[in-house]
Amino acid sequence: MQQPLIISALTGIKGSEKLMIACQIYPNPSSDFVVLSWDSALNSTYVNYKIADVNGKNIILASAQNQSKISVLDLAIGTYIINVSDSKNNFIKSFKLVKN
């Protein structure tokens with residue numbers, strides 16, 4: 001069983017101090033789905049995410065709740081970038097996703 005990749009990111013919330021938010025995506029690489037999760041420091045029930053190819057073309061634009069499974073079945077084999085932002089579109093983290 002693959003261990004989740006845990007990446008912490010600093011994000012700014014206007015009018016408050018920066019928060020450390022652990023946001024993760026797993027399994028990676030994947031052939032069918034990935035799980036997007038984050039810790040409670042985000043104080044949000046959902047995030048927005050974009051999956052783009054290596055040329056920067058957006059393939060998927062969507063929202064997800066914590067612990068959501070995101071299907072990658074329709075993506076061609078290759079490398080993608082997932083950009084995650086909070087419900088107010090404040091950037092949280094970017095991930096490299098390998099579809100196999």
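We did not get these values from a lab; they are worked out from the coordinates using the rules stated. It should be emphasised that the depicted structure is a prediction, and the values quoted were computed from it without experimental measurement. Glycine also receives a Cβ, built like all others from the backbone with ideal geometry; neighbour counts cover every protein chain displayed.
What is the extension gain from Asn43 to Ile77, computed as 0.36 nm multiplied by their sequence separation minus the C-alpha to C-alpha distance, in nm to one decimal?
Length gained between Asn43 and Ile77: 8.8 nm.
Please report the net charge: other residues with Cβ closer than 13 Å to the Cβ of Ile60, K and R +1, D and E -1. Kindly include the intermediate steps, with their values, before the conclusion.
Numbers: positive: Lys50, Lys57, Lys99; negative: Asp53, Asp74.
Computed value for this residue: +1.
Taking 0.36 nm per residue of sequence separation and subtracting the Cα-Cα distance, how much length would be gained by fully extending the chain between Ser85 and Asn100, in nm to one decimal?
Net length gain for the segment: 2.9 nm.
Distance from the Cα centre of region 31-48 to that of region 53-100, in angstrom?
Result: 11 Å between the Cα centres.
Can you run phi through the Karplus equation (6.51, -1.76, 1.60; θ = phi - 60°) for region 88-100 and list ³J(HN,Hα) in whole Hz, with x for Gly and Pro?
3J(HN,Hα) across region 88-100, in whole Hz: 9, 6, 7, 4, 10, 6, 10, 10, 8, 10, 10, 9, 10.
If we count other beta carbons within 10 Å of each Cβ, what is the order of Leu75, Leu36, Leu61, fewest first?
By the 10 Å Cβ count, ascending: Leu61, Leu75, Leu36.
Rounded to whole Hz and in sequence order, give me ³J(HN,Hα) for region 30-35 from the Karplus expression 6.51 cos²θ - 1.76 cosθ + 1.60, θ = phi - 60°, writing x for Gly and Pro.
8, 10, 10, 8, 10, 9
Which of Ile25, Ile77, Ile92 comes first, and how do the rest follow, when ranked by fewest Cβ neighbours within 10 Å?
Exposure proxy ranking, most exposed first: Ile77, Ile92, Ile25.
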